[in-house]
Amino acid sequence: MIDAPLFHSVITIRRSQRDEDAATMNHIQLKKFCSDLPAVTSHLARPPANILVYSIGEKNFAWFKTSDPEKWRFSFRVSPERFIELTDMPGIKPARYMARFHWVTIVDVRTMPEEYLKELVQWAYEKALSGLSVKRRKELFAVA
């Protein structure tokens with residue numbers, strides 16, 4: 001059970017990080033950030049999914065919806081604690097079909113502070129990376 005006063009203070013702190021003066025990213029900048037992470041690949045899943053998937057090895061860590069009406073909604077995995085925190089924020093909801101695995105969807109990435117969003121994506125990337133075998137990680141990062 002979550003201690004309600006503590007939980008709400010955490011939400012209040014995170015909301016204050018969303019100050020209007022904070023730098024934000026658009027979907028193009030966020031796509032570049034995801035692509036620039038080490039050993040990341042991306043592919044476009046065909047209809048009916050219509051998603052641009054980012055993965056490390058065979059493990060997905062994020063995706064963008066690429067068709068209307070949900071074009072450029074961004075989904076990624078978070079920790080169970082962050083899942084509770086984030087889904088209480090406006091514009092963020094449990095990711096369709098993936099919520100039980102602690103994935104969230106941000107309706108408009110421009111509403112999130114850039115550094116906070118990068119931190120969340122970096123965690124999702126590292127979580128996916130940690131799910132790979134040691135052998136697979138060595139293959140991905142082998143120096144040629």
Discussion item. I'm trying to understand the selection: among the residues of the stretch 63-90, which are of a type in the set (Gly, Ala, Ser) and farther than 17 Å from GLU119 by Cα?
Written reply: SER67
Worksheet item: Can you name the residue in the stretch 60-81 that is surrounded by fewer than 18 Cβ atoms within 10 Å (Cβ to Cβ) and either among the acidic types (Asp, Glu) or in contact (Cβ under 8 Å) with a residue 40 or more places away in the chain (or both) and, of all such residues, is nearest to ALA99 (Cα to Cα)?
Response: SER79
Worksheet item: Only one residue in ILE56, ILE92 is in contact with a Phe, Trp or Tyr (Cβ under 7 Å, 6 or more places away or on another chain), surrounded by 12 or more Cβ atoms within 10 Å (Cβ to Cβ) and not small (Gly, Ala, Ser), so which one is that?
Response: ILE56
Fill in: Pair list, Cβ < 6 Å and 6+ apart or interchain, from the stretch 37-48 residues that are more than 19 Å from LYS65 (Cβ to Cβ) to residues that are in a strand (DSSP E or B)
ALA39/ILE56
Worksheet item: Is one or more of the residues making up the stretch 36-57 within 18 Å of ALA95 (Cβ to Cβ), modelled with pLDDT of 50 or more, outside any strand (DSSP E or B) and among the small types (Gly, Ala, Ser)?
Response: yes
Discussion item. Over 18 Å from MET25 (Cβ atoms) and over 11 Å from the mean Cα position of the chain (by Cα): is that true of ARG77 in this structure?
Written reply: no
Worksheet, complete the sentence: Going through (1) surrounded by 19 or more Cβ atoms within 10 Å (Cβ to Cβ); (2) farther than 21 Å from ALA23 by Cβ one by one, PHE141 fails only at (1)
Worksheet, complete the sentence: Just one listed residue, out of GLU126, GLU85, GLU115, is among the acidic types (Asp, Glu), crowded, with 17+ Cβ neighbours inside 10 Å and either modelled with pLDDT of 95 or more or in contact with a helix residue (DSSP H, G or I) (Cβ under 8 Å, 6 or more places away or on another chain) (or both), and it is GLU85
Practice prompt. Please work out which one of (1) touching a Leu at 6+ places or on another chain (Cβ under 7 Å); (2) assigned to a strand (DSSP E or B); (3) more than 18 Å from LEU44 (Cβ to Cβ) is the condition TYR125 fails and give its number.
Written response: (2)
Practice prompt. Could you tell me which numbered condition TYR97 fails, if it satisfies all but one of (1) closer than 22 Å to ALA23 by Cβ; (2) surrounded by fewer than 17 Cβ atoms within 10 Å (Cβ to Cβ)?
Written response: (1)
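The values are calculated or read from the model by the stated rules, or taken from the named source; none is laboratory data. Everything quoted here is computed from the prediction, not taken from an experiment. Methodologically, a virtual Cβ is constructed for each residue, glycine included, from the backbone with ideal geometry; neighbour enumeration extends over all protein chains shown.
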